[in-house]
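Let me begin by presenting the structure, written as structure tokens, before commenting on it.
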Amino acid sequence: MTEASGPHGILVLHKPSGPTSHDCVARARRALQTRRVGHAGTLDPLASGVLVLGLGNGTRILEYLQGLPKVYRARLLFGIETDSQDVTGATVREADASAVTEAELRGALAGFQGEILQVPPMVSALKVGGKKLYELARRGETIDRAPRPVTVYDMELLGFTPGPRAEAEIRLRCSAGTYVRTLCHDLGQKLGPGGAMSALEREAVGPFVLAQALGLEELDTRGREALLAPAEALAHLPSLIVGEKEARALAQGQFIPAPDDAPDGPIRVLGDDGALLAMARVRGRHEPRLLAPEKVFARADAASSGS
């Protein structure tokens, strides 16, 4: 199979708890017989749920999907803190959580909505000084991490069980880059006895939801038919349909006149058949405004066909 023959597109995968995101990428490579596979945001091994993969040319649009908001369902265990901020890590503190009440928890949740600051956990893939934090953590090193702003758009309490190891289940919608296990850790500290995340499921990444996600065991039989075309996968972004002349210009890397109502930000440029020809962005704040290609998907000699 040649690289040009496919597969190309976006695959919404249901990652199970246990495998790493890299394991899922490797599984997709084997099942769909392509090396060009990437993802739009990792999930920890403990976590399950929506993992968005790009295959072939789909890897080139992953950057437009990485900043999408996420929806998570998480379980929080009070009375324990770990070095990873979830129950897979080594315990660093234990306490009796019997004093935690549902009313106090609801009050604390309200304080973690909106824009908040998070200190990234040491056990994470975030790079500081060119080094991944988890690599430093494995060597027993701890370094200062600057707090980062993230946004929790909304959060609800789904259930609460009091006791020495009180438990809670929450659902939240948050910005990309939010560490849910850090949120659980910080909630535990806010209420006193500490806390650690015990389970996590990502229910949605932007428009991609768990109900449409393909299981790992289905990759061999349904992987290709489940692929979303790049234009469809980016349907949350504004679009512009162009004719043959403009398509050829964009395919050659040239600017074309931008419509008066063209918004700022990335724009899908489509052919008459709906295929994605290019991703483009308006340049210039004054007349004439021009549309500049950022990524081109149609060859100059095939732009008129939208291929």
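The values are calculated or read from the model by the stated rules, or taken from the named source; none is laboratory data. Just so it is clear, the structure is predicted and the values come from calculations on it, not from any experiment. Please note: Cβ atoms are built from the backbone with ideal geometry, for glycine as well, and neighbour counts cover all protein chains shown. Calculation scope for accessible area: heavy atoms of the full protein, side chains included, ligands and nucleic acids excluded. Shrake-Rupley method; radii C 1.70, N 1.55, O 1.52, S 1.80 Å.
Under the rule a/c < 1.5 gives rounded, and otherwise a/b versus b/c splits prolate from oblate, where does region 18-129 land using the Cα gyration tensor?
prolate
May I ask you to give the percent of accessible area on region 192-295 that is carbon plus sulfur, with a probe radius of 1.4 Å? It would help to have the intermediate numbers written out before the result.
Details: 2610 of 5200 Å².
It is 50 percent, rounded to a whole number.
Modelling each spin label as a point 7 Å along the Cα-to-Cβ direction, I'd like the Glu102/Gln189 distance in nm, to one decimal.
Those two pseudo-labels are separated by 2.8 nm.
Size of the dipole of the chain about the Cα centre, Lys and Arg at +1 and Asp and Glu at -1 on the beta carbon, nothing else charged, in debye to 20? Let's see the in-between values first.
Working: 36 positive and 37 negative charges, 173 e Å.
Dipole magnitude for the chain comes out near 820 debye.
Counting Lys and Arg as +1 and Asp and Glu as -1, what is the net charge of the other residues whose Cβ lies under 15 Å from the Cβ of Ala28?
Residues close to Ala28 contribute a combined charge of +3.
Helix-derived [θ] at 222 nm for the chain: sum -39500 (n - 2.57) over DSSP H runs of at least 4, divide by residue count, nearest 500? Working shown, then result.
On the way: 7 runs with 55 residues, N = 307.
That comes out to -5000 deg cm²/dmol.
Going by a ≥ b ≥ c, the root eigenvalues of the Cα gyration tensor, does the chain fall in the rounded group (a/c under 1.5), the prolate group (a/b larger than b/c) or the oblate group?
On the way: a/c = 2.41, a/b = 1.90, b/c = 1.27.
Because a/c hits 1.5 or more and a/b exceeds b/c, the chain counts as prolate.
Based on the mean of other beta carbon atoms within 10 Å per residue, what is the order of 32-40, 237-245, 166-174, most packed first?
166-174, 32-40, 237-245
Residues of the chain: accessible area per residue at 1.4 Å, in Å²?
Value for the chain: 47 Å² per residue.
Given the chain, what percent of its DSSP beta bridges are antiparallel, to the nearest 5?
Working: 60 of 68 bridges.
Taking every DSSP beta bridge within the chain, about 90 percent pair in antiparallel fashion.
Is region 71-110 best put as rounded, prolate or oblate by its Cα gyration tensor, with a ≥ b ≥ c the root eigenvalues, rounded for a/c under 1.5, and otherwise prolate when a/b is larger than b/c, oblate when not? Could you put the intermediate results ahead of the total?
On the way: a/c = 2.90, a/b = 1.31, b/c = 2.22.
It comes out oblate by the Cα gyration axes.
Work out the FRET efficiency for Lys245 and Glu63 from their Cβ-Cβ distance, taking R0 = 30 Å, and round it to the nearest 0.05.
The calculated FRET efficiency here is 0.60.
Please list the three semi-axes, largest first and in whole Å, of the ellipsoid equivalent to region 1-69, using sqrt of 5 times the eigenvalues of its alpha carbon gyration tensor.
20, 15, 7
Any chance you could check the Cα centroid distance between region 64-90 and region 168-191 for me, in angstrom?
Region 64-90 and region 168-191 have Cα centres spaced 7 Å from each other.
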